[in-house]
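Written below as structure tokens is the structure these notes are about.
Bear in mind these aren't lab numbers, they're just calculated from the coordinates by the rules spelled out. Bear in mind the structure is a predicted one, so any value in this text is a computation, not a measurement. We place every Cβ from the backbone using ideal geometry, glycine too, and count neighbours over all the protein chains shown.
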Amino acid sequence: MADVVRVVAADDPLRALFSPAGELTAEGRSRLGLDAAALRELYRNMVLIRRADQEALNLQRQGELGLWGQFLGQEAIHVGAMTALRTTDWVFPSYREFGMAMIRGVDPADMLTMFRGLSHGPWDPRKYHFAPLAIPVATQVPHAVGFALGCRLKHSDEVVLSTFGDGATSEGDWHEAMNFAGVFKAPVVFLCQNNGWAISVPLSKQTAGSIADRARGYGFPGIRIDGNDVLGVYAAVTAAADRARQGEGPYLIEAATYRMGAHTSSDDPTRYRTESELEAWNVKDPIARYRAWLEQQGIIDEGTVAAITDAAESAAQAMRARLTAMPTPPPGEAIFGRVYSNPPESFLREREEFESSLEDS
Amino acid sequence: MAKAINLSLRDALTHDENVLIFGEDVGALGGVFRITDGLQKEFGEERVFDTPLAESSIIGIAVGLALRGFRPVPEIQFDGFIYPAFEQIVSHVAKYRNRSGVSMPITIRVPFGGHIGAVEHHSESPEAYFAHTAGLKVVSPSTPADAYALLQAAIDDPDPVIFFEPKARYYLKEEIDTAARVPIGKARVAQEGSGVTVIAYGPTVSIALQAAKTAAAEEISLEVIDLRSLSPLDMDTVMASVRKTHRAVVVHEAPVFCGFGAEVAARISHDGFDLLEAPVARIGGLNVPYPPARYEKLYLPDVDRILQAADAALAYG
């Protein structure tokens, strides 16, 4: 038993970058390799996705979207993780990774069609190397592992990022996927966005132990880090992805953060959590905190901050305009069009009957 | 039939380097029914491999591998062990293309059905659950030749196929023509006749054929249709037969209640209401959990029950 623990510790390049509390150390920060422009880009992207997230909530409140699940407060994870990857690396998200998809280049207005009742998945995953949002919790984690195994079998150097929340770690699929990844030594980085809440159930009622520590039981390392520090997330995902790329297998990063908004627009968090908890996390806001650091380092000034805020505002308005102007695709194609690659005759007949019934009415 | 499936897998592995076979015990052991016998030795551990014991992820990794460009052919060891994978099959394998535009050329092999005197969970017929799900194709061969050709068609198909192998018929032997093609969605007339149409698939086809033989001795002519494919369902072949016989009996091992026979019976009754001389009969398992092995003969459809239903259809009105 002791041997296993020792092997895992020796094989963990992340330990040297983080304090035992999960904070990026000065040494870790000095090894980031990001210039001033790249550091400003991290800030810009966080502001951009937060503004889009707010606009999506506005659209929901105005009846333009059926549902919205905010990721407010989790921007450092979205931006840090996506910046650490190559664009050829695949991402298998759960359903709150809107910001990640935006950073990959998926059009946010297209993405919102999912929440406008027009589509179940509006982008081609192969174009963006970004899998569809997965709504059944944790079911996407085995897909990520299968894909990563496929990368290994094809002898490519792609790495897979698998993201999920704290609630997902209770699901059987999560355990199975972690176990498969360990056995296959798959090039996958597991990134838990531990935001403290699975709808109304707090982490303390979700699991009695540590999420990060579970990795050891699957034969690979894990670490808990501050998920509200964009540089920490960037450093962790970079190191874990490099390790996976070199054939060293999976890594589990538990990024501690907080869901500042409701689970979705249909949820009422005042029924189950306190204002004081929210206030405590508000102090750790990933954007304000990072901006203060950038200012302190002289990397960003008020003018740049204002320009970024304006750009985010324009982008959000463009997203709204594009979404609300979008035509409703014809029902026959929308409902029947993508079910089969090689559709049975009976299926095509049903489509014809459906389409002619629309013409008749 | 076991050898025909083995050969079909071997040929698929040979012809397409993206075909992968995996599941529980499919490697060195060659599967608990030896269906994958020798394949790992011939094609290596990267193309034919054992997985950890977890059905949901066996199917879950198939989704990821399909996205990466492979044609996965996972095996679920027994019918009664497919349920942990139900969510992956229904929520992802069946719907991934609809969600993303990316095809899922996955063939899930499942030994199914009874007649083997097994303990619980080893004799079930879960086909209706999957036939009910849009996005999947569901097939079941009844002969070695069809097993070979249908499996080729399933693996070639760009859409996901659930391939139910009638494990009690693994021992069936016949010469097969590996050049013969059997498209998915095409039933066959297994025995021509004129009095009553008996519709079966997988393990019940040979029982229907025995019934036809017995009936012939009493000068009753049964036409046996082997559906081969449940979804899509070849109603053209079924209705062509019913137009001739005006009577139909559907046979499967699964419980009659909400079984696949209900769909076939409803379709015949609707499409052939004016043709029918008797109500469409359904023969199948009882609406109970699969019984202990000593009782399975009483539960499963047999020649007598088919003959009784045929007699009743002929005597009707």
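Tabulated results
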{"item": "Rounded, prolate or oblate (a/c below 1.5 giving rounded, otherwise prolate when a/b exceeds b/c) for the range A:27-166 by Cα gyration tensor", "result": "oblate"}
{"item": "Degrees between helix A:302-324 axis and first principal axis of chain A (Cα, 0 to 90, nearest 10)", "result": "30 degrees"}
{"item": "For A:Val188, residues with placed amide H under 5 Å, excluding near neighbours", "result": "A:Val160, A:Tyr251"}
{"item": "Span from the the range B:251-317 Cα centroid across to the the range B:1-73 one, whole angstrom", "result": "35 Å"}
{"item": "Cβ-Cβ FRET estimate between B:His132 and A:Arg271, R0 fixed at 51 Å, reported to 0.05", "result": "0.85"}
{"item": "Point-to-point label distance, B:Leu298-A:Met326, nm (Cα→Cβ direction, 7 Å offset)", "result": "6.0 nm"}
{"item": "Vicinal HN-Hα couplings computed from phi for the range A:21-34 (Karplus, 6.51 cos²θ - 1.76 cosθ + 1.60; Hz; Gly/Pro x)", "result": "7, x, 8, 5, 7, 4, 4, x, 5, 6, 9, 5, x, 9"}
{"item": "Fraction of beta bridges assigned by DSSP in the protein assembly as shown that are antiparallel (%, nearest 5)", "result": "15 percent"}
{"item": "Tilt relative to chain A, helix A:172-184 - C-alpha long axis, 0 to 90 degrees, to 10", "result": "60 degrees"}
{"item": "Principal semi-axes in Å for the protein assembly as shown [√(5λ), Cα gyration tensor, largest first]", "result": "53, 28, 20"}
{"item": "Ranked B:Val93, A:Val305, criterion: other C-beta atoms within 10 Å, fewest first", "result": "A:Val305, B:Val93"}
{"item": "For the range A:62-129, alpha-carbon Rg relative to the globular expectation (2.2 N^0.38 Å, N residues)", "result": "1.12"}
{"item": "Unit Cα scatterers, Debye sum, chain B: log10 I(q)/I(0) for q = 0.11, 0.13 Å⁻¹", "result": "-0.65, -0.90"}
{"item": "R0 of 56 Å, Cβ-Cβ distance B:Arg267-A:Glu27: FRET efficiency to nearest 0.05", "result": "0.20"}
{"item": "Cα-based helix-to-principal-axis angle, A:286-296 vs chain A, degrees rounded to 10", "result": "50 degrees"}
{"item": "Those trypsin sites (Lys or Arg not before Pro) in the range A:61-106 that DSSP places in a loop and that have at most 12 other beta carbons within 10 Å", "result": "A:Arg86"}
{"item": "Binned Cα-Cα distances of the range B:199-317, short to long, each 10 Å bin given as a whole percent", "result": "14, 47, 33, 6, 0"}
{"item": "Cross-link pairs beyond the 32 Å C-alpha cut-off, checked among B:Lys3/B:Lys186; B:Lys41/B:Lys167; B:Lys3/B:Lys244; B:Lys41/B:Lys297; A:Lys154/B:Lys95", "result": "B:Lys3/B:Lys244; B:Lys41/B:Lys297"}
{"item": "Per-residue Cβ neighbour rank within 10 angstrom, fewest leading, A:His78, B:His132", "result": "B:His132, A:His78"}
{"item": "Pairwise label distance in nanometres, A:His120 with B:Tyr83, each label 7 Å out on the Cα-Cβ vector", "result": "2.5 nm"}
{"item": "Aspartates and glutamates whose Cα lies under 16 Å from that of A:Lys284, excluding same-chain neighbours fewer than 8 positions away", "result": "A:Glu23, A:Glu75, A:Asp226, A:Asp229, A:Glu275"}
{"item": "Dipole magnitude of the range A:1-123 about its Cα centre (Cβ charges: Lys, Arg +1; Asp, Glu -1), debye to nearest 20", "result": "200 debye"}
{"item": "Cα principal axis extents for the range B:46-172, largest first, Å", "result": "43, 33, 29"}
{"item": "Those aspartates and glutamates that a straight Cα-Cα span of less than 17 Å connects to B:Lys213, excepting residues fewer than 8 apart in one chain", "result": "B:Glu192, B:Glu223, B:Asp226, B:Asp302, B:Asp304, B:Asp311"}
{"item": "Antiparallel %, DSSP beta bridges [both residues in chain A], to 5", "result": "10 percent"}
{"item": "Radius ratio Rg over Rh of chain A, counting only Cα atoms, Kirkwood formula for Rh", "result": "0.99"}
{"item": "Scattering curve values for the range A:275-353, log₁₀ I(q)/I(0), Debye with Cα scatterers, q = 0.13, 0.26 Å⁻¹", "result": "-0.70, -1.11"}
